[in-house]
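Since the structure comes first, as structure tokens, the remarks are kept for the end.
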Amino acid sequence: MHEMSLAEGVLDLVSEQARAGGYARVTGVWLEIGRLSGVEIEAMRFCFDAVVRGSIAEGASLEIDETPGSAWCLACAASVTIGHRADPCPRCGGWQLRANGGTEMRVREIEVE
């Protein structure tokens, strides 16, 4: 489950930012996770809750916005929206797709006190 290491990385990042700003506590974290990132949303929630215990972010709320996946279809030369990496092109049915969006995960915002 790689979500545990991702959650630890998020905690490290938000803790570092909060301390650099002189804040005592992180009360909220907003993530953007792409549909093609390979991150399981519910596993990420579970892992985040586990890693924040005893930290500056204990009790922080976690909001996750899932961003759509997109790919370039080599067959019809178009950018298309896809839900999974194994999906065919919704325009032409082709399978020669190169993911070009929705593959990332980022911390969009943190709320601090």
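Below is a table of values for the structure above.
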{"quantity": "Probe 1.4 Å - accessible area at ASP87, Å² to nearest ten", "calculated": "50"}
{"quantity": "Folded to 0 to 90 degrees: helix 41-51 orientation relative to the chain principal axis, Cα", "calculated": "20"}
{"quantity": "Distribution of pairwise C-alpha distances over the range 70-113, 5 Å bins, in %", "calculated": "5, 23, 28, 12, 8, 7, 6, 5, 3, 2, 1"}
{"quantity": "Where no second cysteine Cβ lies under 4.7 Å, the cysteines concerned in the chain", "calculated": "CYS47"}
{"quantity": "Helix 3-20 axis, angle to the chain major axis (alpha carbon atoms, nearest 10°)", "calculated": "50"}
{"quantity": "The chain: antiparallel DSSP beta bridges as a percent of all, rounded to 5", "calculated": "70"}
{"quantity": "Net +/- balance of residues flanking SER61 in space, Cβ distance below 15 Å, scoring K and R +1, D and E -1", "calculated": "-3"}
{"quantity": "GLU40 accessible area, assembled protein chains, probe 1.4 Å, Å²", "calculated": "120"}
{"quantity": "Interchain or long-range residues, amide H under 5 Å from THR67's placed H", "calculated": "ILE33, GLY34, ARG35"}
{"quantity": "Correct choice for percent of Cα pairs over 21 Å apart that was computed from the model, options (1) 39; (2) 44; (3) 49", "calculated": "(2)"}
{"quantity": "Accessible area expressed per residue, the chain, with surrounding protein chains retained (probe 1.4 Å, Å²)", "calculated": "57"}
{"quantity": "Packing-based order for 90-103, 21-34, using average beta carbon neighbours within 10 Å, highest first", "calculated": "21-34, 90-103"}
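The values are calculated or read from the model by the stated rules, or taken from the named source; none is laboratory data. Just so it is clear, the model here is predicted, and its values are computed rather than measured. Cβ coordinates were reconstructed from backbone atoms using ideal geometry, including for glycine residues, and neighbour counts include every protein chain displayed. Surface areas here come from the heavy atoms of the whole protein model, side chains and all, with no ligands, DNA or RNA. Shrake-Rupley method; radii C 1.70, N 1.55, O 1.52, S 1.80 Å.
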